Amino acid sequence: MTVETVAVGAVGACDAEVLRFRDMHSGYVFHVAPPVAHPDLWGRYLRGALRVYRHYEVEPALEYEKVSDGRSTSLFFAAVDPSGEVVAGLRAQGPYLLEDEVHGLGAWAGRSGEADLRAMIAERIHQGIVEVKAVWVTRDGIAHRAQLGAAISRCVVHAAWLLGARFGFVTAAAHSARMYESSGGRIADGVPAVPYPDDRYRTVPLWWDTHACRTSATKLQGSLLALERAALGAWFTRSRRLATVGDARIGGLAQA
């Protein structure tokens, strides 16, 4: 496992260094930064998300216009192929200070499970919750797509950890839950799936506990999480801090 901090050098990039690591199984390079540190890469990540969400006719769930300025995003992860094309990614919000900041809670508003999910959020928020949104992988035409999806699921853990939060949170279609569970995610007990963003989907909430993910993940995913966390820790020791947007905090690496 190798991790490098590099000035990516694209047009519009700030002088801030951007974290970069290569996924051992898919071979793709992941860039990690707040949007302000690399606006060009942020734009390419968002345009890729828009293409995928449009294909599946769920574009409103992306809230492209609302999030495109990057202010609500603490960090984003973009997987890049050898030609420089962004082929997958996600963005992270938080750590949250208030329960109602958790965007995914809105899918259960007025529905069965809302009270239980709200109670889970209240129980966890004082230890930090980071919510991952706009997760996507290029639909076809790329090598090692399954391995890339597995790497994306590990990035939920990395996002929470980098931002100093104990818990990661995602709302996802039930058919993709197994991918997330492989990295230690668990469907929230007692919260029924809801038809979101429309009746074609059954969306479920998933939690990650960064203190336990390596033991609750599959053996392979747990090993890769450990290797990647060690590499990220070595990077943090060298660079001391990662630039963040607004009040976003980074403290998890200091606890490695």
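The values are calculated or read from the model by the stated rules, or taken from the named source; none is laboratory data. Computed from a predicted structure; not experimentally measured. Glycine also receives a Cβ, built like all others from the backbone with ideal geometry; neighbour counts cover every protein chain displayed. Each accessible area value is taken on the protein alone, full model and side chains, heavy atoms only, with ligands, DNA and RNA left out. Shrake-Rupley method; radii C 1.70, N 1.55, O 1.52, S 1.80 Å.
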(request) Test Val191 against the criterion of being of a type outside the set (Ser, Thr, Tyr) and touching a Pro at 6+ places or on another chain (Cβ under 7 Å), and give yes or no. (result) yes
(message) Between Val156, Val191, which is part of a loop (DSSP other than H, G, I, E, B) and either at pLDDT 90 or above or surrounded by fewer than 19 Cβ atoms within 10 Å (Cβ to Cβ) (or both)?
(response) Val191
(request) Hey, can you tell me all the residues within region 189-219 that are charged (D, E, K, R), over 24 Å from Cys155 (Cα atoms) and without any contact (Cβ under 8 Å) to a residue 24 or more places away in the chain? (result) Asp199, Arg200
(request) Being surrounded by fewer than 23 Cβ atoms within 10 Å (Cβ to Cβ) and at pLDDT 85 or above is the filter here, so list the residues in region 7-27 that pass it. (result) Asp23, Met24, His25, Gly27
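Conditions (1) more than 18 Å from the chain's Cα centre (by Cα); (2) under 23 Å from Asp189 (Cα atoms); (3) not polar (S, T, N, Q), marked per residue:
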residue: Tyr45; (1), (2), (3): no, no, yes
residue: Glu57; (1), (2), (3): yes, no, yes
residue: Ala88; (1), (2), (3): no, no, yes
residue: Ser112; (1), (2), (3): yes, yes, no
residue: Ile142; (1), (2), (3): yes, no, yes
residue: Gly149; (1), (2), (3): no, no, yes
(message) Checking the structure you have, find out if any residue of region 66-83 is open to solvent by 10 Å² or more (accessible area, probe 1.4 Å), of a type outside the set (Phe, Trp, Tyr), part of a strand (DSSP E or B) and over 21 Å from Ala172 (Cα atoms).
(response) yes
(request) Under 7 Å between Cβ atoms, at least 6 apart or on separate chains: pull out the pairs that start in region 26-49 with a residue that is within 24 Å of Gln147 (Cα to Cα) and in contact (Cβ under 8 Å) with a residue 40 or more places away in the chain and end on any residue that is open to solvent by less than 10 Å² (accessible area, probe 1.4 Å) and among the acidic types (Asp, Glu). (result) Phe30/Asp23
